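The structure appears below as structure tokens.
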Amino acid sequence: MSLLLLGKKDPSVMKALHRYKKEIFKEGELTVREKELIATAISITLKCEKCLEFHADAALEAGATRKEIMEAFEVAMYLVGPSAVIWSDMIDHYIEESE
């Protein structure tokens, strides 16, 4: 089920998910930028394409540099090994695109 359909069929669940995300990704001991970089790395390890797009874009919006995104990718690649390389084309988009 897509999140769009879930929102139509059970909007209370989507509202709860949104509140949870908003709570988790607010400024705290970690900045929003740092949290989005962590989420970018986790997205790579989970092989979640939509998650990667969402969190890498959010990291850039929160002030992350393309070098920081590259380093987050490198950490993920170290942890999961060569299987993370399948995401290298997507990561290239965030590292090489002009700002």
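The values are calculated or read from the model by the stated rules, or taken from the named source; none is laboratory data. None of these values were measured; they are calculated from a predicted model. Virtual Cβ from ideal backbone geometry, glycine too; neighbours counted across all protein chains shown.
Quick notes on this one:
- Restricting attention to the range 54-69, the residues being more than 23 Å from LYS21 (Cβ to Cβ) and in contact with a Phe, Trp or Tyr (Cβ under 8 Å, 6 or more places away or on another chain) number 1.
- Of the criteria (1) of a type in the set (S, T, N, Q); (2) over 20 Å from GLU96 (Cβ atoms); (3) touching an Asp or Glu at 6+ places or on another chain (Cβ under 9 Å), which one THR65 fails: (2)
- Extreme residue, nearest to ILE44 (Cα to Cα), among residues of the range 63-99 that are among the small types (Gly, Ala, Ser) and at pLDDT below 75: ALA84
- Test: residue in the range 70-77 that is within 15 Å of the chain's Cα centre (by Cα), in a helix (DSSP H, G or I) and among the charged types (D, E, K, R): yes
- Within the range 8-45, the set of residues being over 15 Å from GLY63 (Cα atoms) and either in contact with a Leu (Cβ under 9 Å, 6 or more places away or on another chain) or in a loop (DSSP other than H, G, I, E, B) (or both) comprises ASP10, VAL13, MET14, LEU17, GLY28, GLU29, ALA41, SER43, ILE44, THR45.
- Residues of the range 1-39 classified as within 27 Å of HIS93 (Cα to Cα), at pLDDT 95 or above and among the hydroxyl-bearing types (Ser, Thr, Tyr), total: 1
- Applying the condition of being of a type in the set (Gly, Ala, Ser) and part of a helix (DSSP H, G or I) to the range 57-69 and asking which residue is nearest to ILE38 (Cα to Cα) yields ALA59.
- Among the residues here, LYS47 qualifies as farther than 24 Å from LYS26 by Cα and either surrounded by fewer than 16 Cβ atoms within 10 Å (Cβ to Cβ) or of a type in the set (S, T, N, Q) (or both).
- Meets criteria (of a type in the set (Gly, Ala, Ser) and within 15 Å of the chain's Cα centre (by Cα)) for ALA64: yes
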